[in-house]
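What follows is one structure encoded as structure tokens, with my remarks underneath.
Every number here is computed from the coordinates shown, using simple stated rules; none is lab data. Note that the coordinates shown come from a computational prediction; the quantities given were computed from them, not determined experimentally. Backbone-built Cβ (ideal geometry, glycine too); neighbour counts: all protein chains shown.
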Amino acid sequence: MSDVTLLRIGILIAGLILIAAIVFFGRPRKPGQGKRVPREPASSAGAPRQEPTLGEQIERDAAQGAAGSTAQAELELFDRTLEGGANSELGRRVTEEFDKIVTLYLAARAGQKLHGPDIVVAAEKAGLVYGHMGVFHRLVENHPERGPVFSVANIMKPGSFDMASIQSMETPAIAFFLTLPAPVNALDAWETMLPTAQRMAELLDGVVLDEQRNALGRQRIAHIRDELRAYDRQREAPPLTKPARW
């Protein structure tokens, strides 16, 4: 076979390969071919839709960075909170007389502050209401007229939470104070205040301190319980009568 014939055969084979490539790559693709189609999330049809609370909405939007939605949710929460208002009688003590005060503090961790919007959300979750004197109160269920079981104030003067500037408010700590006599037994009031302070400490990433600003330990808790048991016994005991003169 001559060199000319071999050259012709090579040219023919190269041409066939070129034609095959044009036909293959020039063929139109089917829609979606060669692309990753995102998977649709599993259907939740039939599952009841639960609307988030305002506190949950604030937390979710803050995590997503949705500043506009966060501000709107905060405003709705503050409007609802202001229904009590600083001038409200909600949480006002029946009498101004008292003979004992038990205090706890919820403090921010070193180098940090407690922020106003976070305090409002935590107070709502802990079952507190905003009312008299512009502070938060725990009321007797179904009997708000009896006054506060305990109250929560800002340690910074004047002690109130001004809702008009709550979004920019910062404080190193808030104070829980139980004024006795309370609308319930002293020990019952304490057993309501302590877990509320602990719950809010979890929500605010703070620490609970005793009246001396020391970490609240088991020994101090047991001592306070003993004091309040004694207080309750003393109030339940009949008054002493003077001995009759002969």
Lys/Arg Cβ at +1, Asp/Glu Cβ at -1, dipole of region 87-236 taken about the Cα centre: which of Ala126, Val208, Phe176 is farthest positive-ward?
Val208
Once phi is turned into ³J(HN,Hα) by the Karplus curve 6.51 cos²θ - 1.76 cosθ + 1.60 with θ = phi - 60°, what whole-Hz value does each residue of region 115-131 show in order, with x for glycine and proline?
9, x, x, 5, 5, 4, 5, 5, 5, 4, 5, 8, x, 8, 10, 8, x
Given +1 on the Cβ of Lys and Arg, -1 on the Cβ of Asp and Glu, and no further charges, what dipole in debye does region 87-236 carry about its Cα centre, rounded to the nearest 20?
300
